[in-house]
Every structure is written in C-alpha cells, then in structure tokens.
Amino acid sequence: MMAQDVMYQAFSAIKTQPVRVFLIILAMSIGITSVTVLTALGESARMYIVSEFEALGTHLIIVLPGRTETTGGQPPLFGATPRDLTLADAEALYRSHHIAAIAPLTIGMAPVSIRGLEREATIIGSTSALRQVRHLNLAKGRFLPETDADKALSVCVIGQTIKEALFAQQQALGKWLRINDRRFRVIGVLASEGQSIGVDFDDMVIVPVASAQALFNRQSLFRILVEAKTKQGMYKAVDEIRGIIKLRHEGEDDVTLITQDSVVKTFDDILIAVTLTVASIASISLAVSGILVMNVMWVSVTQRTAEIGLLKALGATRQQILWLFLTEAAMLSVAGAITGLILGKATLYALQASYPDFPVYLPVWAIFAALAVSLFTALIFGVLPAKQAASMNPVTALNKK
Amino acid sequence: MIELENINRTFQVGEQRIHALNNINLSIKKGEYVSIMGPSGSGKSTLLNVIALLDPPSSGKYTLNNRLVTQLNDDQLAQVRRENIGFVFQFFHLIARYSAAENIEIPMILAGIPAKQRKQRVEDALTAVNLQSRASHRPDQLSGGQVQRVAIARAMIMRPQILLADEPTGNLDSQAGGEIIELLENLNQQQVTLLMITHDEALGRRAQRRIRLIDGQVIQS
C-alpha cells in the first residue's frame, strides 16, 4: 500500500464527516493558537526587558550602601550599616584603573515651582558622569557642568514632562525655577526617553549632587553608579571597589555591588521560566484536543466496522489498517495545527498593530514545537482506536450493520 | 487445490458451546463448480469463512495449493487471501463513499500496485462486467444487480483462482440474480474454482458438485 494511497483513503474518510472535522480542527487550533500566542508574548517580554537593560550599558556596576544578606543574628535582616556612602567614597573609587565613570546618586521628592505653577517631582542629585553612565540624550542646552562633585551649583536639567508641565510652549533654557526654597537655573532639557526600566527620566529634575544634598539636608548617597572601562574589567573593578570601600569603612565590607549582567541574567532566567510555565499551561488545551481526536477516532472506527471487515476480507494487513486510521488522526491534527498557527499569527499581528512599541516575536522553534506536539498528540491518542480497528475479527466486523 | 482435513470450528455462546463445523473432510479441485446448501445455522457460512481464511478453524488441517495455511499468522493470511481468494457477499459490501471504479481498485491498492496499472485493470474489469459507463457512479446510484457486478469485478481484480460467493443472489430479483449467476458461471468456465452458498434448490442443482450441510456435518458431497 503506497503512502499517497493511504493519504487519499484517509482523506476521503475525513471528507464524509465535515461537522466533526470542523469541530476537531477548531479544538486543535485553539490549543495551538494559545500556545503560540503565549509563547510569543513571553519570549517578546523577555527580549524587551533584556534589550532595555542592555541599552543601559552592559558594564554597569551599582554600589548600594548596606549589605543585603543576613548575618545570622538578630534583626534587622538586611544588614543595616551605620556608615553611609558619601561623596568622598565615590571620589575614592577613581583609584581603580578599570573604572571609566562614576555617578553618585541622591534621590528625593520635592515641589518644583515657577510663577505659581507647582509640581511634585523626583529630584536626582548627580554629576556630569550620569549622562555617560545612563546614556542620557539632551533635547536642548547642556548637561551638568564638569566640576568638582562637592560644588553646589544652582543649575538643573529637566525632563520632558516637567518641561511641558511648567513651561508649556515657552522657552525653558535660562529660566529660574524653585525647588523647595532654593532657586535653580535651567541649563538643559532631556530628550524624551520613553519608559526606561525603573525610572522615568521625563518626570525628573537633575541637579548637582552637592545641591541635592543641601536640598534634602542629607550627606549620604542613595547609590553610586559605576561604569567599567571594559566588560572584562568589570569583575576586577568590582573587587577593587569592594577593597576601597572596605578600607574607608574601617575594614567593614558593608556595601552591596550589583553588576548589570547579573541583573540581566536574573531577568532572563525568570522570564524563560515564565514563558515555559505559560506555554505548558496552554498546552493543557492541546491535551484536551488530543482526547477529542481520540473520541472522533473511536466513533470513526465504530461506524466503519463493516468497512474494516471488508478491507480485511480483501487482504488488508493489520499494519495497513493501523496506518489508515493513524493517518486520519494525524491529518486532522495537522490541519488543526496549521489553522492554529495561522490564527496565532493573525492574533500576534493584531497585537503588534495595537501595541507598536512592544516587539512581538514568535520564535521559530515554537512553530515547529507546536506542529510536533499536535502530531505527537494525534499519534498517541489515535493509536488506541487504530489498534482496535486493526485487531478486529473480519467475520464479526463484516456482519455488523 | 482446497484440502480440508478433520476441520472443527466451535463457538462459545454464553454457557453453550456450538459446534458449527463438525469434523469436515473436503477436497475441491481446480476449476470445480460447487454449491453449498443446507438449512439456516448448518454451518454453510462458517465453512466458507474458513475456506476464505477469514475464520481460523478450532482444529484440523487446511491445505491450500499444497500449502498448509492453518499455521500462518494474520498478515501472511491476508496476503494469501489477497492473491488467491475472491469473495462475493450477499449484502454486496461496497464502500458507499467510493465510486464503482474506486471500489474495484481497493484490493490492488492493498497489494501496492502502481496507480497507472490499476487504472487499466479497473477499466478492463468494468468492461468484463459490462459497466463501463458506470465507472464514476457511487453504489447508491446503481441498481442491486449492478452493485453486485461491481462486487464481482472487485473480487476478480487480483485474478484469484478461487471465487467464494455467499448467497450472491439473495438480495436480488430473479432477473438480476440470473445475470449474476451467468457471470459467475462464465468465470468458472475460465477455470476459476467457484464455491457458492445458496438456499435456492434450482440454483444449487446447476453446480456440478453439490455439498449439503446439516448441523456442521457434510451429509452429501
């Protein structure tokens, strides 16, 4: 019996049951659609987040005050430290040869006002190095000047949201605005960044770090952002930073260092796990449609008992009958899978059209996996009915009406 | 060519054990025309099924063309059946969704004969049963007699030496029945061994050899 004959026979049998075929294809395609769409969403989220992080620079080191590990003793669990990170600590880090830029950060909330207009905004105190470390772009003017970090200059750089809220269509450069009770002159406006992970630079005012410390009356730093010269140098820089801070903090290793790539890796791992989980939940619907395939095949075998008997009387072997029914099941499933892939693609296109910022991406392996899984389900669930057909007694089968 | 030795076939129906074939000894030569008669339940169909290799005997030896076929497995039996035996049924057993030509083609598909060759042979077979113009008709578009002629064409498509017919005219009117018998007897004249079950005494008498079965035993042969 030749392959194309088996296909033709199976196809002609399928054709006689259009409603049943439609339902089974529908069930199978819903399964495949949900698997592909959810996999694509998970995968896209992963790529989106990873690329966002990588846009920040892959050799970024974040220095946090305090040590995020338990010491095995009494609370507080997060090893709080009596020693803050200071500007002097940040300056000292320049002793390491592997460091390209250091941006100390102080962060606080304060009202920003101009001529009766007032807005609560995040105030970031930093140095000119922040621009390099966070890859900030300016729409107008210039960034913080390169002076000593402890100089409290009365200048500021504002984000787009602030600019629109306080100045609307007017020129902002050179104007004075008030933060708390201090006056700052606007020297630059940031280009709109869109939402960057964690921080919205559009809704911020950046001032020199010393000015921010004066504003909030606080000597400690929120954190220090360090950019290593090279990716290889990053790990050496980490060790050196630890050493320098330890020396300055009376031998106490009381800072936490986070490298950019470890953050990326963590997110990557989490999102792969999420994608796989979501995909496996969606594949439950594939199992359900597999059971439906089995059901349809049982009915098909039962209804065609006499035909199976006849085929056997005409000299069909067990193998031939088995393949005839397995092919039928496989054809149903593959038809469902292809419909599902088309539906899935259409859904993804629709999603892409409504959220153009979010890159929707269906990995190629997901397409093959979907096809393989549906074929596999069909064969697994089709085997029992097909075996029953193959092992029928021809005499009793023939006499069945 | 057909040798049955001490063939028994028993069925278990509930508590009861039915002896459908009781120690049958039978020898049929090539080209013979044999009618099998007997009351309902006498084992006629069981005998035909055993000869057709559809039903394995419970005990005894069956030799077909000098080959002991009682020991073959299912797939070997399927092959022997395909190559040596044609079967015509009382209820025709055509597949409803296939055309006449496609129904005739089935045994050749199972035997793996290439499509081109199949087409030619189906045409010849349709001509032989005088149904050239009905090739693409489905069974429900044909009369009873035509359907049975398609079934005979299908039974003969692999050119078997043995043709088994289980009441081939049982569901036909007398005119159509007559045509079918004529067709079968024609085949017999071409040296095809013909075994036919019938209720009809007149039909049975046309055969050169008559076998009468009662309660699973051969009474007259």
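Each reported figure results from applying straightforward, stated rules to the coordinates on display, with no laboratory input. Treat the numbers as computed from the prediction; the structure is a model and nothing was measured. Note that each Cβ is placed from the backbone with ideal geometry, even for glycine, and that neighbours are counted across all protein chains shown.
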Quiz item: So, in nm, how far is label residue A:107 from label residue A:64 when the simple model puts each one 7 Å beyond its Cα toward the Cβ?
Solution: 1.1
Exercise. Let me know the whole percent of all Cα-Cα pairs from the protein assembly as shown that are separated by more than 47 Å.
Key: 49
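Hey, got the average number of other protein chain Cβ atoms within 10 angstrom for residues in A:389-400? The partial results should precede the final answer.
Details: counts 0, 1, 1, 0, 3, 9, 7, 2, 1, 7, 3, 0.
Per residue, the average neighbour count from other chains is 3.
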Practice problem: Please report the relative contact order for region B:105-161, taking Cα pairs under 8 Å with a sequence separation of at least 6, and give it as a percent rounded to a whole number. | Solution: 49
Quiz prompt | Compactness index (Cα Rg / 2.2 N^0.38 Å), region A:103-225 | solution = 0.94
Self-check item: Order of A:377, A:302, A:347 - criterion: other Cβ atoms within 10 Å of each residue's Cβ, fewest first
Solution: A:302, A:347, A:377
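Taking chain B, how much of its Cα-Cα pair set, in percent, is spaced more than 31 angstrom apart?
21
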Quiz prompt | Calculated Rg and Dmax of region A:119-183 using C-alpha coordinates, Å | solution = 12.3, 34
Quiz prompt | Cα gyration tensor of region A:303-360 - equivalent ellipsoid semi-axes, whole Å, descending | solution = 46, 9, 5
Quiz item: From a point 7 Å beyond the Cα of residue A:51 in the direction of its Cβ, which residues of region A:334-363 have a backbone N at a distance under 15 Å?
Solution: A:352-353, A:355-363
Quiz item: Once amide H atoms are built 1.01 Å from N in the peptide plane, which residues 5 or more positions from residue B:86, or in another chain, come under 5 Å H to H?
Solution: B:162, B:163, B:164
Practice problem: Pick out which of A:113, A:126, A:12 has the largest mean-square fluctuation in a Gaussian network model of chain A, springs linking Cα atoms closer than 10 Å. | Solution: A:12
Quiz item: Taking every eigenvalue of the Cα gyration tensor of region B:44-103, multiplying by 5 and rooting it, what semi-axes result, largest first, whole Å?
Solution: 26, 14, 9
Quiz item: Taking neighbour counts of Cβ atoms within 10 Å as a proxy for exposure, in what order, fewest first, do B:108, A:2, A:7, A:294 appear?
Solution: A:2, A:7, A:294, B:108
Quiz item: Hey, got a sec? Which trypsin sites (Lys or Arg not before Pro) in region A:117-223 land in a DSSP loop and have at most 12 other Cβ atoms within 10 Å?
Solution: A:151
Self-check item: Radius of gyration and maximum dimension Dmax of region A:283-401, Cα, Å
Solution: 19.1, 67
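Would you kindly state how much longer the chain becomes between residue A:256 and residue A:185 on full extension, computed as 0.36 nm times their sequence separation minus their alpha carbon distance, in nm to one decimal?
22.0 nm
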Quiz item: Measuring from the lowest to the highest alpha carbon on each principal axis, how far does region B:85-190 reach, largest first, in angstroms?
Solution: 38, 30, 20
Practice problem: Please give the average number of partner chain Cβ atoms lying within 10 Å of the Cβ of each residue in B:79-87, rounded to a whole number. | Solution: 3
Self-check item: Ascending count of other beta-carbon atoms within 10 Å, so fewest first, for A:299, B:13
Solution: B:13, A:299
